[in-house]
Structures are given as C-alpha cells and as structure tokens.
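Quick notes on the structure that follows.
Each value in this text was obtained by applying a stated rule to the coordinates, not by laboratory testing. As the structure is a prediction and not an experimental result, all values here were calculated from the model. Reconstructed Cβ throughout: ideal geometry from the backbone, glycine too, with neighbour counts over all protein chains shown.
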Amino acid sequence: MTLRSAQWYAGDARNAYIHRAWMRRGVPGDAFDRPQIAIANTASDLTPCNAHLTEVAASVRNGVLEAGGTPLELPVVSLGETQVRPTAMLWRNMAAMATEEMLRANPVDGVVLLGGCDKTIPSLLMAAASVDLPAVVVPGGPMLTGTFRGVPLGCGTDVWRLSEEVRAGTLSEEAFTRSESSMIRSRGHCNTMGTASTMALVAEALGTVVPGVAGTPAPDSRLLEAAHGTGRLAVEMITADRRPSTFLTRASFTNAIVALAAIGGSTNAVVHLLAIAGRLGIELTLDDFDRIGSSVPVLVDLQPAGRFLMEDFHRAGGLLAVLREVRDLLDPTALTVTGKPLVDSLDDAPIWDPEVIRTRAEPLVAAGGIAVLRGNLAPTGAVVKPAAASPHLLRHRGRAVVFDSIEDFHARIDDPDLDVDADSVLVLRGCGPRGYPGMPEVSNMPLPKKLLEQGVRDMVRVCDGRMSGTAYGTVVLHVTPEAAAGGPLALVRTGDVVSLDVAARRIDVEVPDDELARRAPDPATVAAFADPRRGWERLYVDHVLQADTGADLDFLLGSSGSAVSRESH
Ligand code: FES
C-alpha cells in the first residue's frame, strides 16, 4: 500500500528532506513511513462544550501509536453555539471548508474527527465527505445532569422554560439567576436531545462512529477507552482504504433518518444531513425525511419532547437499544467505519430502562419524525416537528402578526397594545441563511407576556430561521424560499389569515394568488435583510443555498477528493 503521505515524505529528494526535517523534532525517521492520522480537534476555551476534547485526543493518539500509525493533532475551526454571533450556523460552512482544505493540504492519510457542540460534528462530517480520506468521529459526549432545587435541569430546554416562568410571573428573577450555576454540571455538550446529542447519535446511525460510542457522557471513562479504540481503528481504515465514499450511501442516510425520528431528534439534523449528503453527491431531499421518518415512533423520552436527559439515555442502553426496536425499518446494507453493517451491532443491545427508551409496543409518540409542509407560504418546503408541537394546534387558522426581524420582534412582542391573541400566528422573517445572515435559532419566538399571564403556553409560529433542538412548540421553520430570497413569506401582512394543516402537510396564507402576486415586500422588510460588505459574510450571502437543500455554499457541493496538489517550494 502506498500512503498518500509518501508524496511528501518518501525518497531522498530535497523536498522530501524538507518535509521530514521540519517534522522531526525528536520523532524517529520511520514515523514517516507509517499512516499519518490527523486528529481534527475542535477543543477551544470558547467552545466550552468541546473544551475537554484535548484529553480525548490524547487517548486517540495512544490508540494510533499502538496500531502503528503516527498521530498528528490538527486544531480546526471550532464553534461554540452559545457564544458565536450572529449565529454559529453562519460559520458551519466556513469550518467545513477550512477543515476540508487543511486535510487536503497536509500530509495526512486519514482523520479522527473530534466534535460535540452543535455545528462541530456537521462541519467535520461535511469536510470529511468532501476530502474523502478515511475518517471516523469520536463524539465528545453530553454533560452529566445538573439539578436546581432538587429538580434535574435540561440544558437549553429549561432556560426557555424558566425564562418563560419569569415572564409569566411564576418564578422570581433572583431564583432564575441562581439556577444559572446549576445548569452546566460538568464537561460535555447539552444534555437534552438537542442538536449536539442528535448529531452525535445521527453520526453513529450514519455509520461514522464506532457503534455504541455516541451518547457516552463526556466525563465517563468509557469515552476515553472508546477514543483509544477509535485511534487504533483509524489506522486499520487506512489499510482497508475505508473512505467515506465507500461506506456512506443512501442506505446510511435512510438509517440516519429512522434514527432521527426514533430519538425525537432536532430539526437541525435535517439541514445538516442534507448538507452532508450534498458533499457526497447522494440525492437526498426534504421529502425523504417525511417519507422515511414521519411514521417512525418516537421511543426516547428525553427533553424537550419528554422527561429524561442524555445521562439517563446512555444508562438505558443508548442508540443501539433504540435501533434494535426499529430494526425492521433500517437498511441492512448500510456499513459503518468498522466495515461491518450497522445492524450487526444490534443483536446484543437491550433496553435497560423502558421508562427512558420505550419499546416499540409502547412508544412515546406513535409517529414522530419531521413533517414537511408546502403551500403558498413555503413553495419549496418548511418543516415542523409534530412531537414537539401542541396537538390542538396541528390544524389551525389565525391572523398573522408579522415581524421583520428578531429585533423588531423583541421591541414589540410585550407591548400591551400589540393586537395579538392566543389564536394569532406569529410570523418572523429575515431569519433565513441570506437574510440574517446564517439562519439563526430564533424561530421558537417567546410568547407575548400578556398571553403567558393568561396561561397560554403555545402558539403557531412561522419563520424562515431554525429552532434550537432544545426548544419545543408548534413552530413551522426552515420556510423556503426565505423572505430575503424572494419567498412569499416577505409578502405576508399583519392581519392576513395563515392556515396550518400538518396532516395535509400544508402551510398557506389565505390571500388570493393574484393579490399575492401584486404585492411587493415592504421597504422596511427589505431594509431588515443583511447586506454585508466584505469577508466571509459577503461570500456566504452570495453563495449560500436554501435550507431545503442543506444551506451549504453552491461551490462546496460534491467531493473534491484528496489529490495532492503541486509542491510548495
Ligand atoms: Fe454546545 Fe448546547 S451549547 S451543545
């Protein structure tokens, strides 16, 4: 087997000398004859959910060395979901592009991908799919469960819940602030079935994680053991030439969609899976999520749809226990990083706690997944997560109350004179990939204070942005085309009647087509759209695709492979 890295290191020529000499620094000469395994590490103090990954990387390093490879830690762009403005999603494609290019530019033969916080695993997988070197993910794992006043706290979900309680006057601001130090109990990512947990589990269902590893809590010593084993596996993957294009197929995405539905996972996974498929040239559409996933039962009783948290999920048997219950819905041909079919991992995967992971006979929700809506408000699609919605609102008509930006929303939502009632439909636009820019998680708009005080806890909301995976409510999101891309969402006016019918998969504004065609967006609406002048934001706005195809950049679709470029000197 000729290693890719040999194109840097082999031979006696001056250039090989240069490549080796600068890497020596005490390293024995035969280290350059071995598989060179990059450890793409998203550890960063500014991504607190991933800060522990340097310790995980040390275990990967030991495994690589033990298997006869040479480990090389590669710090890559990291995105802290709670810290990065205007939204981490703006930078997902940049992180993916930078990682892809650095893997291609460097003398590496394969890569172990260390991610955790929401956008990190998607960006790493997009990069790995495009560069198509042998790649395996070690998810950083969720944090342990914190408690406040004796009650477990779900990261994110309970921030939304407690802040609504403050606004409703049922919790003091002082108690709310005190809960802050209890929210994050340990290292690791959010402990709800939010986007980080979802993407770790979906990555395993895709076959990119060693089966059984995703969901291992970050402080659990078994994570380090798994990281060590994954380091060994990465070397084996080089020998077997097990690249993403050899095991990530349409069947893998079928399994990921089934898993996404069965775990009651985040709607964000829809955008990320579409983007990853786009990098592989696999035809995956929004409708596949509805067709494959919408009849799959939700088996996992985790917040935000249910009660428990990731520590409970792992104790109860984890993803493999869930997948065993829906084995008949999985594609048995899909392979994993081990070279074996995913379904081979399911024979010995019992449910240890049926309260947390339900059996097929007693699901949390009979049919979960993502419903894909269309209509004159979303001609190319929008999504809603019925399991996180209120059943009585899944079919609803109400007068629109329209906001042109999240700032406009915050400025007016608690105005006592705002003409809004429990039947109103809150419409927020300018929050798509182009309009914001970056498609932030603002679609689960807080409810008007005066309605909260009346006991209202959910309303129909419609937005071209995303929603945190930790959020809940009857929220129609990812509306495409977004308002800033000429979508009809830009034409809705306050007072128009909006109708939602999830069973019929419709979202419409009850305005005649000819009148809608006559309308032009209000100048205030257009003024709220982003118009960046320079840098990444300019590039992003000019090239980003809509959410229904994954919100990747148009020039990043497909695989560029790992061909070695011309010499550097
Ligand atoms: Fe990092 Fe939730 S903020 S996973």
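Quick look at the values:
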| item | result |
| --- | --- |
| Separation of the ARG399 and GLU225 label points, Cα + 7 Å toward Cβ, nm | 6.2 |
| Candidate lysines for bridging to LYS450, where Cα separation is under 27 Å - those fewer than 8 sequence places away on the same chain excluded | LYS385 |
| Unpaired by the 4.7 Å Cβ criterion, cysteines found in the chain | CYS431, CYS463 |
| Share of pairwise Cα separations in region 423-530, more than 17 Å, in percent | 56 |
| Proximal aspartates and glutamates to LYS449, defined as alpha-carbon separation beneath 13 angstrom and excluding residues fewer than eight positions away on the same chain | GLU164, GLU165, ASP414, ASP415, ASP417, ASP419, ASP421, ASP458 |
| Total charge dipole magnitude, the chain, about the Cα centre, Cβ charges on Lys, Arg, Asp, Glu only, Debye to nearest 20 | 960 |
| Dipole axis of region 497-543 (+1 Lys, Arg; -1 Asp, Glu on Cβ), positive-most option in HIS543, THR525, VAL511 | HIS543 |
| Helical mean residue ellipticity (222 nm; -39500 (n - 2.57) per DSSP H run of 4+; nearest 500) of the chain | -10000 deg cm²/dmol |
| At least 27 Å along the helix axis (C-alpha) and Kyte average at least -0.5, DSSP helices within the chain | 221-240 |
| For region 326-379 and region 159-202, distance of Cα centres in Å | 27 |
| Gap separating the Cα centres of region 443-480 and region 211-265, nearest whole Å | 33 |
| Tensor-based shape of region 1-136 (alpha-carbon gyration tensor, a/c under 1.5 rounded, otherwise prolate or oblate) | prolate |
| At 1.002 mPa s and 20 °C, Stokes diffusion of region 151-202 via Kirkwood alpha-carbon radius, µm² per second | 179 |
| Sequence ranges 66-72, 347-353, 109-115, 556-562, ranked by mean other-Cβ count within 10 angstrom, highest first | 109-115, 66-72, 556-562, 347-353 |
| Global geometry of the chain, whether rounded, prolate or oblate, following the gyration tensor of its Cα atoms and the 1.5 cut on a/c | prolate |
| Point-to-point label distance, LEU539-ARG315, nm (Cα→Cβ direction, 7 Å offset) | 4.6 |
| Amide H contacts of GLY465 (H built 1.01 Å from N, under 5 Å, at least 5 apart or other chain) | CYS431, HIS478, VAL479 |
